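Okay, so here's the structure we're looking at.
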Amino acid sequence: MLTRIGLVLRRWRRSYGLRWEFVALAILGVSLAWTLSRLGQPETPPLPAPVALAASTPQPRPTAAPTTARPVATATPTLPPPPTPVAIATLPVAPYPGGAVYTLTPAANAVGWVSENDARFNNFGDYNIYAGIFDGNEHVGAFQIDLSPIPPGAPILYADLTLAGLSDRFRGDQGTWTVEILPQELDQGWTLLTFGDLAGKVGATIDLRPTLAAKDIALGQYNTLVFDAIPLQALAQRTLSGHISFRVLGPTGGGNNLVAWDSGYGSRSRGRAPLLRVVAGPAPDKLPDTPTPNYIIITSTPTPENVVTQAAQAATATYQAMMEGTPTRLPRNWVTPIIVVPTETPANAATAEWHIEMATAQAYFGTPTLYPPNVWTATPIPPTPEPTWTRAPVYILVAPVASPANVVTAAALARAATAQAERFGTPTPGARLVPIRVITNTPTPGNEATADWQIRVATAEAFLFGTSVPSSWLQTATPIPPWLAVTAVTPTPT
């Protein structure tokens, strides 16, 4: 277009003798007019009207599996709104009149996974629910669902749990995965639980069926587990406390065998959180009694009386840990006993009347709450009986016969004893006849070291055998006076 206009202006210049300045201005004006005329026109033809396509279920895109030594949780700075539940299958049971169908999903900070040798408490809020083994570290998936929308105590007719596969990149060909209902005591403090709290033996768990094999778990595949009689009973019981918690266990040994389900949150989630569907009846007219909490009573170790006892207990604990391994972690529902003393029997009628009035006043506000199971009544110690003093027996001291110096003396003594027996008869034995035992005094120690040693020996003997009891047959020998050398003798007249 512009080329054609330029040829026309060149002919006009030759025909009419126009100067080049006027020709250039003319060309510039024509170009500007042509450009302004094109601004309001589309450069390409309009797109055709959109055509409605057949409805289809979107398939999740492959997600990047962990490439480091172990899976790394994705930080979630803000909690997104709960995901929209997806329709899985038609419910096989319809609710009673007055009942309802509840579709429940976990909150963002209540779903994720834990791993051994992980410095963090847990990885709740991540887009994965890992379960299995990776780089030698066991991974356990976990999530908790709020049951408060269900009326407490409502009859449960049907329930199922659906998980959506998110990653199978590190899945092996073998292995099984199990979903379990955790004990009720783990529902408290859920967001602070660690691998040690959720892995291994954690109490009475309830398995959901079926157990999943490796071929059952794939990216974008749903796994639906239907509650049978025992899980339904547990679910109905949990409506009274308002929460129910699950864990997912996978292989714990061998090579890498790790899968992930969608948590419903995080940057790479497909919005398909664990979905619990419950068909419940109407709320009961009267709530059932709240069950007594299951406590494990552990008696406290007495406080050591001194540092020696404390050191001995520490050495014993160290030895047990070396021989038998570290002790099992204390359960979360452990309590120590509280000892109470029973009310004493009133000493008089006035005190008994006062006790009656107090009990009547307290009953005005309602019957007393039963004691928890860790309250123990102290067994009264029987009174110590008054000691009965036994009179010390009276012994007859008999001086022992000196040992004969030779056989002739022994024969003479024997002859005299025989003659005495023939004349007076055999001597009457006496039960209280005891021979005299002669002991010598402990020599005075010659120095402080000997005195200290004698004190230690006496203390040890008193500790082992008790203090000595004075006995009448023990006679202390009279020390022999020292002999004096005679230098001169004065004659005495006789």
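Scanning the range 104-114 for any residue that is surrounded by fewer than 17 Cβ atoms within 10 Å (Cβ to Cβ), of a type outside the set (D, E, K, R) and outside any helix (DSSP H, G or I) turns up nothing. Per the conditions (1) under 30 Å from residue 299 (Cα atoms); (2) of a type outside the set (A, V, I, L, M); (3) surrounded by 10 or more Cβ atoms within 10 Å (Cβ to Cβ); (4) modelled with pLDDT under 75, the sole criterion not satisfied by residue 395 is (1). Based on what the data block shows, is residue 290 within 26 Å of the chain's Cα centre (by Cα), part of a loop (DSSP other than H, G, I, E, B), exposed (fewer than 12 other Cβ atoms within 10 Å of the Cβ) and at pLDDT below 95? Yes, satisfied. Take residue 354 and decide whether it is in contact with a strand residue (DSSP E or B) (Cβ under 9 Å, 6 or more places away or on another chain), not aliphatic (A, V, I, L, M) and not in a loop (DSSP other than H, G, I, E, B). When the stated conditions are applied, residue 354 does not pass them. Filter the range 115-156 down to residues that are more than 24 Å from residue 184 (Cβ to Cβ) and aromatic (Phe, Trp, Tyr) and give me whichever is surrounded by the most Cβ atoms within 10 Å (Cβ to Cβ). Looking at residues that are more than 24 Å from residue 184 (Cβ to Cβ) and aromatic (Phe, Trp, Tyr), I get 130. Search the range 212-264 for residues being assigned to a helix (DSSP H, G or I) and of a type in the set (D, E, K, R), and hand back the single one that is surrounded by the most Cβ atoms within 10 Å (Cβ to Cβ). That would be 238.
Scanning the range 196-211 for residues that are touching a helix residue (DSSP H, G or I) at 6+ places or on another chain (Cβ under 9 Å), assigned to a loop (DSSP other than H, G, I, E, B) and not hydrophobic (A, V, I, L, M, F, W, C) returns 203, 210. Among residues of the range 405-429 that are in contact (Cβ under 8 Å) with a residue 12 or more places away in the chain, those with a beta-carbon under 9 Å from a residue that is surrounded by 10 or more Cβ atoms within 10 Å (Cβ to Cβ) and not aromatic (Phe, Trp, Tyr) at least six positions away or on a different chain give the pairs 413/404.
Kindly indicate whether residue 128 is polar (S, T, N, Q) and in contact with a Pro (Cβ under 8 Å, 6 or more places away or on another chain). Yes, satisfied. For the residues 418, 487, the requirement of being modelled with pLDDT of 65 or more and of a type in the set (Ser, Thr, Tyr) singles out 418. Take residue 252 and decide whether it is closer than 30 Å to residue 175 by Cα, in contact (Cβ under 8 Å) with a residue 40 or more places away in the chain and within 22 Å of the chain's Cα centre (by Cα). When the stated conditions are applied, residue 252 passes them. In the range 217-232, the count of residues that are touching a residue at least 12 places away in the same chain (Cβ under 8 Å), over 17 Å from residue 131 (Cβ atoms) and within 12 Å of the chain's Cα centre (by Cα) is zero.
Might you let me know whether the range 430-450 holds any residue that is of a type in the set (A, V, I, L, M, F, W, C), within 30 Å of residue 391 (Cβ to Cβ), part of a strand (DSSP E or B) and at pLDDT 65 or above? Yes: one or more hits.
Looking only at the range 146-178, which residues are in contact with a His (Cβ under 7 Å, 6 or more places away or on another chain) and either over 22 Å from residue 109 (Cα atoms) or part of a strand (DSSP E or B) (or both)? Hit for the range 146-178 is 146, nothing else.
The values are calculated or read from the model by the stated rules, or taken from the named source; none is laboratory data. The structure presented is a predicted model; accordingly, all values stated were derived computationally and were not measured. When we count neighbours, we look across all protein chains shown, and the Cβ atoms used for this are built from the backbone with ideal geometry, even at glycine.
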